[in-house]
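Computed from the coordinates by the stated procedures, all read-outs in this text should not be read as laboratory data. What you are looking at is a predicted structure, and each value in this text was computed from that prediction instead of being measured. Cβ placement follows ideal geometry from the backbone for every residue including glycine, while neighbour counts extend to all protein chains displayed.
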Amino acid sequence: MNRKVKKIIENKKNLAENEVKDLLQEYDIKTTNYEIIKDENDLEDLDVSFPVALKICSDEILHKTDVDGVKLNISSKEELRKNVKDFKKRFPEENLLVDEMVESGVEVIIGLIQDPTFGLNIMVGVGGIYTELYEDVSFRVVPIEEYSAREMIEEIKGKKLLEGFRGIKADKQQVINLLMKVSKLGSDLIDYLDQMDLNPVFIYKDSYCVVDAKMILKDNKKE
C-alpha cells in the first residue's frame, strides 16, 4: 500500500465520494472529473464542463438519493449556484461535490464485500434497475485471475449487453480489465475494507467510467 492510499483510508470509518474516487485513481481506475466546494463562494474558481451533477459529499451520508442529495443535469453556473444555495440550507455542514456528467453507456455494478465465511469477495452485475430486479450478479473470492473475471461475466444474464446486442457499443474486455484492477485494490486493502460499491459504471466501446462510488471500512461495520 502506497503512502497516498494509506493517507486516504487511515483513521476513517467511511469514505466520502471524492475520497473513494481519489483511491480508485491510485489504481488507474477511471472516474468522473469532479471538484469539491464548500459553498457558493467557491463557484468563481470552479473549473468543470457543464452539464454537471451536484452531490452531497460526506462520509456520514452514503445514500445520497435517500436524502435528496443529488441533482443531475445542471446546465449552467447560474443553475448550479441556485442548487448550491438549496443544498447548503439543508446540509450546512457538508461539502458538496460538483461532478461532470458523462455520456451514458451500458451500466454495470462492481463491488467488494466481506463474507463471514469466505472473506473478501468481488462482484459484478448488470447495473441500474436490473441489479435488484433480476439479481443478475456473479461473485468470486479475491484475488482473481483474468480467466475468473471472464467466467464471472459469462455467468450474468446481461452479458449480451456487453457483446454487441442490437448494435449496443460496449466491450466486455473493459469490464474484465476493471475487475482485475478492483481485485488488486481489494487485495491491498483486505484488512481495512468491509464494502465497496461502484454503481453505476458506464461501459463504452473502448473505455469506461465509474460514475458513483461508496466505501465502508471495517471499523464502521454494524452488526
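List of remarks:
- If you wrap the chain in the convex hull of its Cα atoms and look at it from every side, the mean projected area works out to 13.0 nm².
- Most fluctuating residue given options Asn121, Asn83, Asn18, as computed from a GNM of the chain linking Cα atoms under 10 Å: Asn83
- Taking the charge dipole of the chain about its Cα centre, with +1 at Lys and Arg Cβ atoms and -1 at Asp and Glu Cβ atoms, the residue from Leu80, Tyr147, Val70 reaching farthest to the positive side is Tyr147.
- Relative packing of 198-204, 6-12, 149-155, which averages over residues the other C-beta atoms within 10 Å, highest first: 198-204, 149-155, 6-12
- With Cα atoms, 0 to 90° folded angle of helix 146-155 axis to the chain main axis: 90 degrees
- Within the chain: Cβ-based charge dipole about Cα centre, in debye rounded to nearest 20 (Lys, Arg +1; Asp, Glu -1): 180 debye
- Each other residue within a Cβ distance under 12 Å of Glu94 adds +1 if Lys or Arg and -1 if Asp or Glu, for a net charge of +1.
- Helix axis angle, 77-90 relative to the chain longest principal axis, alpha carbon, degrees: 90 degrees
- Sequence-separation-based contact order of region 34-100, relative, with Cα cut under 8 Å and 6+ spacing, percent: 53 percent
- Candidates Gly167, Gly69, Gly125, ranked by Gaussian network fluctuation over the chain, Cα under 10 Å, top entry: Gly167
- Alpha carbon convex hull of region 65-161, volume per residue in cubic angstrom: 160 Å³
- Value in Å of the Kirkwood radius, where region 34-100 supplies the Cα pairs that are averaged: 11.7 Å
- Considering all different alpha carbon pairs of region 4-70, the Kirkwood hydrodynamic radius works out to 13.5 Å.
- Summing +1 for each Lys or Arg and -1 for each Asp or Glu among the other residues whose beta-carbon sits under 13 angstrom from that of Phe165 gives +4.
- Each Lys and Arg contributes +1 and each Asp and Glu -1, all at the Cβ; summed about the Cα centre of region 42-132, the dipole is approximately 300 debye.
- Chain lengthening between Tyr147 and Ser207 when straightened (0.36 nm per residue, less Cα-Cα): 19.6 nm
- Along its three principal directions, the equivalent ellipsoid of region 133-181 from the Cα gyration tensor extends over semi-axes of 19, 14, 7 Å, largest first.
- Region 38-83 and region 153-223 have Cα centres lying 25 Å from one another.
- Per-residue Cβ neighbour counts within 10 Å put Asp68, Asp28, Asp59, Asp188 in the sequence Asp28, Asp68, Asp188, Asp59, beginning with the fewest.
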